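Engineer: Got a structure for you, questions after.
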Amino acid sequence: MRLHRESRSSGLAIGIAVLTFVALLYFILPPFWETNDDVGMEMVAHGFGVAAFGDAALVFSNVVWGYIVRSIPTVGTANGYSLATILVLILTSYSCLIVLRKLKVNWIYILALGLLIWMRPLLFPQFTVDAGLLALASVGWLQLFGRDPRVRYLIFAAILGYISFLIRDQEFYLVAAASLPIMPWRMLLQRRHVSGNILIVLCAAMICSAVLNKKALNRPEWTDFSTFNVARAPLTDFGAATKISSRPDVLARHNFSANDVWLVAHWFFADRQIADAKLISDLVKETDAAPVQELSLAQGWRAIVALDNIQLYSLILVALLLFCRYPSKRLLLCFLLVFVAIFATGMVGRPGVIRVYYPLLCLLVLAPLFLATAPVNGKVIGGLLIVAVVFNTNMVVKESKIALRKSQEVRQVASRYPAEVMVVWGDGFPYERAYPVLGVSKAEYERKFYALGGFTLAPFSVSHEEDVAGRGLISRLLSAEGVLILGAREPPLKIYCAERHGGALEKLLTDTANTSVVRYRCVQGSRGGVFPQLANNEQTTGWQAL
């Protein structure tokens, strides 16, 4: 009874500490998305920005997760996606810290590890990291089950694992695979009737969710997006454009130019003569541009080298210190599997993706404590841990302050953009700073963008809606009025205008309340003319030939 009361009081104390810390942290430093991926899915879920309307098919996350975040009501300026993200981070931190306490880890270690691991994800949330931390928390509950075989620990592990799968299944698989050596296999086998049934339910839920997600992305209106998304990946993600461009004979046979290849590799999907799934697939096949083993091995090594990143130094240092303090064969195998997983991500063409590595390194930090058989303490390790925490916290806080200043600048500039739908080419607009996790205004929610990127052909996108209505990028580029493009790549756009439309590219510099914007038009043949009357607050400097 005494142990039970102590456990409950520890859980309550950790819960209060986590909630209080998050509230104070966000009061002092507002959170910002780590990348524009989360902003994009937030826009898709709630129908703003690049999305003409809301949709549960988030593309990068499972459609079931899309339904969940869409069902969460907006609270103040926080929409369902933002709230779900914050709740996930609170849940993962609470779960891991309570597991550590139940495993008799020293309070100083617990608080320090909480700051070390969750400071960055709280201030810079990212869905891949969130999924990895959920998988890590699931592993923690399994470790606790190995010491104290209560069914509820298995249920907690299954629930967290399932949510991790919904948010980012690839990251769930990576963390789960790397955790295999430290799993409590003996206890799981001893209680195989219970653990087996829970595993069956978990697998069934994952399979059903995967089927639902596939059906959601295979609806008739998703055909163009789905087929082209697969075809363009070698160019946008795996560097195939270089090899394709080096084969002018193949390009000529398909009436394609090196500039067309560059445009596809840089997200210019507005012209379906270029963004043709079959054509791109044929080019990749005929030039043998799919990633080959030699290149993949080199990229695998690049992934390992990418661990030399200041964001990861503290995690790597603490992981090595704890490994030296609590060495074991199981822990060594876990370390090896983590490095194999990181190498594998490079082999498949994604080296240096820090957000993928972060949860794996967090696993290496907590794994020694999960396996420790004696109470975890020690002044030397504790002191070094505090030093690592101070270094990491100072770095993250500095980054947060820089992000805040950048956000204020971007939002001030964006507030003076023309009301029309603007084209954003690739990363030409910093969505992750223009749309913070909390505090987005009504006017910012109402702004629409025609995005040249991964969502260009998606049925929910503003770009798709504009194309269907005859107001697409190409139509506007060829019109007398021209089109406003943020982040335009002028040289390839100029070549595109000449090659595909036999015209000359011109730009019109305008100034809207001290905000510089650029309109482009492709003048075909001898067609020209005077630029139409703009809004009263726009002063033009005239068309300039490029």
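Engineer: What's the number of the only condition in (1) farther than 19 Å from residue 517 by Cα; (2) modelled with pLDDT under 95; (3) not charged (D, E, K, R) that residue 402 fails to meet?
Structural biologist: (2)
Engineer: Further question: Only one residue in 18, 22, 50 is aliphatic (A, V, I, L, M) and either under 25 Å from residue 430 (Cα atoms) or within 19 Å of the chain's Cα centre (by Cα) (or both). Which one? Steps first, please.
Structural biologist: Details: 18 fails: either under 25 Å from residue 430 (Cα atoms) or within 19 Å of the chain's Cα centre (by Cα) (or both); 22 fails: either under 25 Å from residue 430 (Cα atoms) or within 19 Å of the chain's Cα centre (by Cα) (or both).
Of 18, 22, 50, the one residue that is aliphatic (A, V, I, L, M) and either under 25 Å from residue 430 (Cα atoms) or within 19 Å of the chain's Cα centre (by Cα) (or both) is 50.
Engineer: Restricting to helices (runs of 4 or more DSSP H) lying wholly in the range 275-334: which have 1 or more residues that are within 30 Å of residue 245 (Cα to Cα)? Walk me through it before giving the result.
Structural biologist: On the way: elements: 277-286, 293-305, 313-325.
By residue number, 277-286, 293-305.
Engineer: Sticking with this structure for a sec: Can you say whether residue 84 is at pLDDT 95 or above, closer than 18 Å to residue 161 by Cα and touching a Lys or Arg at 6+ places or on another chain (Cβ under 6 Å), as far as the supplied structure shows? Reasoning before the result, please.
Structural biologist: Working: at pLDDT 95 or above: yes; closer than 18 Å to residue 161 by Cα: yes; touching a Lys or Arg at 6+ places or on another chain (Cβ under 6 Å): no.
When the stated conditions are applied, residue 84 does not pass them.
Engineer: Only residues that are closer than 19 Å to residue 34 by Cβ, in contact (Cβ under 8 Å) with a residue 60 or more places away in the chain and in contact with a helix residue (DSSP H, G or I) (Cβ under 7 Å, 6 or more places away or on another chain): list them for the range 122-147, please.
Structural biologist: Hits for the range 122-147 are 122, 123, 125, 126, 127, 128, 129, 131, 132, 133, 135, 136.
Engineer: Sticking with this structure for a sec: Mind counting the residues in the range 402-433 that are more than 15 Å from residue 453 (Cβ to Cβ) and either among the small types (Gly, Ala, Ser) or crowded, with 21+ Cβ neighbours inside 10 Å (or both)?
Structural biologist: 6
Engineer: Hey, another quick one. Does residue 380 fit the bill of being in the same structural domain as residue 128 (by the TED database) and either charged (D, E, K, R) or without any contact (Cβ under 8 Å) to a residue 12 or more places away in the chain (or both)?
Structural biologist: Values: in the same structural domain as residue 128 (by the TED database): yes; either charged (D, E, K, R) or without any contact (Cβ under 8 Å) to a residue 12 or more places away in the chain (or both): yes.
Criteria met by residue 380.
Engineer: Exactly one of (1) over 24 Å from the mean Cα position of the chain (by Cα); (2) within 22 Å of residue 458 (Cβ to Cβ); (3) not basic (Lys, Arg) is unmet by residue 231. Its number?
Structural biologist: (1)
Engineer: If you go through the range 36-48, how many residues are closer than 12 Å to residue 432 by Cα, of a type outside the set (Asp, Glu) and at pLDDT 95 or above?
Structural biologist: Within the range 36-48, residues that are closer than 12 Å to residue 432 by Cα, of a type outside the set (Asp, Glu) and at pLDDT 95 or above number 4.
Engineer: Could you please let me know if residue 341 is surrounded by 18 or more Cβ atoms within 10 Å (Cβ to Cβ) and either of a type in the set (Ser, Thr, Tyr) or within 24 Å of residue 494 (Cα to Cα) (or both)? Break it down stepwise before answering.
Structural biologist: Details: surrounded by 18 or more Cβ atoms within 10 Å (Cβ to Cβ): yes; either of a type in the set (Ser, Thr, Tyr) or within 24 Å of residue 494 (Cα to Cα) (or both): no.
So residue 341 does not fit the description; no.
Engineer: Something else now. Need pairs with beta-carbon distance below 7 Å; first residue β-branched (Val, Ile, Thr) and within the range 406-418, second at pLDDT below 90 and surrounded by fewer than 16 Cβ atoms within 10 Å (Cβ to Cβ); sequence gap 6+ or separate chains.
Structural biologist: Hits for this filter: 413/515.
Engineer: Keeping to the range 22-42, report how many residues are touching a residue at least 60 places away in the same chain (Cβ under 8 Å) and in a helix (DSSP H, G or I).
Structural biologist: Within the range 22-42, the first condition is being touching a residue at least 60 places away in the same chain (Cβ under 8 Å), and the residues that meet it are 22, 25-26, 29-42.
From what is left, the residues that are in a helix (DSSP H, G or I) are 22, 25-26, 36-42.
Count: 10.
Engineer: Follow-up. Which one is surrounded by the fewest Cβ atoms within 10 Å (Cβ to Cβ) among residues in the range 176-196 that are among the polar types (S, T, N, Q) and assigned to a helix (DSSP H, G or I)? Talk me through it step by step, then tell me what you get.
Structural biologist: Restricting attention to the range 176-196, the residues satisfying the condition of being among the polar types (S, T, N, Q) are 179, 190, 195.
Add one more test, that the residue is assigned to a helix (DSSP H, G or I), and what stays is 190, 195.
Details: 190: 13, 195: 21.
In this case the residue turns out to be 190.
Engineer: Out of the residues in the range 250-300 meeting the condition of being of a type in the set (D, E, K, R) and surrounded by fewer than 18 Cβ atoms within 10 Å (Cβ to Cβ), tell me which one is modelled with the lowest pLDDT. Spell out the reasoning first.
Structural biologist: From the range 250-300, those of a type in the set (D, E, K, R) are 253, 260, 271-272, 276, 278, 282, 285-286, 288, 294; that's our starting set.
Still in the list and also surrounded by fewer than 18 Cβ atoms within 10 Å (Cβ to Cβ): 253, 272, 278, 282, 285-286, 288, 294.
Values: 253: 94, 272: 92, 278: 96, 282: 95, 285: 93, 286: 93, 288: 87, 294: 50.
Among residues in the range 250-300 that are of a type in the set (D, E, K, R) and surrounded by fewer than 18 Cβ atoms within 10 Å (Cβ to Cβ), the one modelled with the lowest pLDDT is 294.
Engineer: Which of the residues belonging to the range 412-453 are out of contact with any strand residue (DSSP E or B) (no Cβ under 8 Å at 6 or more places or on another chain) and closer than 22 Å to residue 490 by Cα?
Structural biologist: Of everything in the range 412-453, those that are out of contact with any strand residue (DSSP E or B) (no Cβ under 8 Å at 6 or more places or on another chain) and closer than 22 Å to residue 490 by Cα turn out to be 414, 427, 430.
The values are calculated or read from the model by the stated rules, or taken from the named source; none is laboratory data. For clarity, every value in this text was computed on a predicted model and none was experimentally measured. Heads up, the Cβs are rebuilt from the backbone with ideal geometry, glycines too, and the neighbour counts pull from every protein chain shown.
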